[in-house]
1. Grab every C-alpha pair in region 346-404, bin the distances at 10 angstrom width from 0 up to the longest one, and report whole percents.
2. Tell me the mean residue ellipticity at 222 nm calculated for the chain from its helices only (DSSP H runs of n ≥ 4, each -39500 (n - 2.57), averaged over every residue, nearest 500).
3. Within the P(r) computed for region 227-347, what percentage of the Cα pairs occupies the region above 26 Å?
4. To the nearest 10 degrees, how steep is helix 32-44 against the longest Cα principal axis of the chain, on a 0 to 90 scale?
5. What order do you get for 137, 332 when you list them from fewest to most C-beta neighbours inside 10 Å?
6. Please list 79-86, 305-312 highest first by mean number of surrounding beta-carbon atoms within 10 Å per residue.
7. If I take every Cα pair under 8 Å that is 6 or more residues apart in region 3-238, average their sequence separation and divide by the length, what percent do I get for the relative contact order?
8. Angle between the Cα long axis of helix 299-308 and the longest principal axis of the chain, 0 to 90 degrees, nearest 10?
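Taken together, the values in this text are just the output of simple stated rules run on the coordinates, not laboratory data. Please read these numbers as outputs of a predicted model, since none were measured by experiment. Every residue, glycine among them, receives a Cβ derived from its backbone with ideal geometry; neighbour counts consider all protein chains shown.
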């Protein structure tokens, strides 16, 4: 047996287990491409939407959740990052959906319930008919316990939806998290089926060249990739990213040092340059009348930035959830001039097109955090050029180089994923669309005069 035939015979395919609805039943505020994606996901029953930032994942999630509730009559749970829960509730109100932000199982309604991942242990999985993972890529950022809990506890939930712009920010093999969630194939099974290990201690896996087509076909049985609706056959204006201006500022030298430093050396460099970096960030913000979003990684940076920047609000991990949510929503409303926080706190899910000025007061090695933080403002719907300032020590040049390398890898991988699945996605979405000719009679129907009917009438 040829290897490709072997793969076809052994591959796990997610059979459609959902239901079909008419396109006209969906919210009229959705774009056509969003309606088709929602219909496709409903028909699949268990599906993933990998759509870039600003393409409307939240209204698609809400529309999917509403239809699942309408179909089953049961409770639906949307899990979202902190503060995104309140933003999702505002979107629900905007689109006319009844939804409730809940803290525990007892708060839940028969309908759409929204909470954040941190409160997962307060809910009973089998009480829900559907579950949505908003920003599902962050699963790998959580402990194995949380990831395992979601996959195992919600295993029997009949309807599942996972949504993110970065399903595999570092490597294709990260797609295994979503495969497991949908119940298609475990991560180890996916690796053994489609990948090969390069050996050594790096745990680097690469996609088998001769299995590539089969892999993308398999992936498309439960997921769609969309970077721009125009790329999958929809002619829609307004889906163009604005210009982005990235300025690097080195506070303690003329040129960045790109030689590799130990972790201790890097930490010392961050500590030694902290005052200078924070002062430079404060100078930029204080000399401007516009809104600013200032990212940092360390608590000491956060405190110092808040101290130096006029009209700033600081959001830390140790703050109460109420303070975090209110601060982020107030920033969305333009009520806060400058928000100081960390990418791991507010870098996922928030829509801040109201702001077009951003500062990174130093960088971490996480490209996903950098990309997601960047896309809070630089996204579809942003009307102005986005200004990004990266303020670093000269000794952090290696970190910046690492981020740029990861960025190049991510862009290449995202481009490949989109290009290789584009035609499959088009086909999948088209198969969901019903093509029909409306029947509008213009003449009164005349029933046939069958002989037996006439005889029956005569004998009465």
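1. Percent of Cα pairs in each bin: 23, 50, 24, 3.
2. -12500 deg cm²/dmol
3. 37
4. 70
5. Final ranking by Cβ density, sparse to dense: 332, 137.
6. So the order, starting with the most tightly packed, is 79-86, 305-312.
7. That works out to 24 percent.
8. The angle comes out near 70 degrees.
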